[in-house]
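*Asks:* Have a look at this one.
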Amino acid sequence: MTMFIIGLFAGMAAFALIASVVIFNKLQLEVAAMHRMMQVIALKVNKIEKTSQTTMDAAETFVDALRSSAEQMMIMRPPSRGQMPPEGFDDLRKSFEDGIRRFEENEMNESDEEDSEGEGEEPWKKK
């Protein structure tokens, strides 16, 4: 009888050991997959930030070039009626910056909504 009880405990211990190894292996695979997914997300967010910064810099350079061009034209000939004064380019720069910020906010809101909607829907079909 004691051999049966010892065998029963040994069998339960072996089963518990094997089950824990299998469970820990599956957990390790899930954690590794989540780690890879987080790396991909971080890379994509970094790319979006770089693109936004590059777009903002390009808009500022464009507005500076427009202002410089307007100043050069003002030197060559006086402004006639209906032309934009050089100070008007500051408003143009501000409108570029506001537009880019709104675009970034909309992109972030849409990505949050897409994450909450699920994987079954196609993201390019928006209502």
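Taken together, the values in this text are just the output of simple stated rules run on the coordinates, not laboratory data. Quick caveat, the model's predicted, so the values are computed rather than measured.
*Asks:* Could you derive backbone 3J(HN,Hα) for the range 95-104 from the dihedral phi with the Karplus parameters 6.51, -1.76 and 1.60 (θ = phi - 60°), listing whole Hz in sequence and x where the residue is Gly or Pro?
*Replies:* 5, 4, 4, 5, x, 5, 4, 4, 4, 5
*Asks:* Let me ask another. According to the Cα gyration tensor, what semi-axes, each the square root of 5 times an eigenvalue, does the equivalent ellipsoid of the range 1-56 have, listed from largest to smallest in whole Å? List each step's numbers first, then the result.
*Replies:* Numbers: eigenvalues 576, 4, 3 Å².
Taking √(5λ) for each Cα gyration eigenvalue gives 54, 5, 4 Å.
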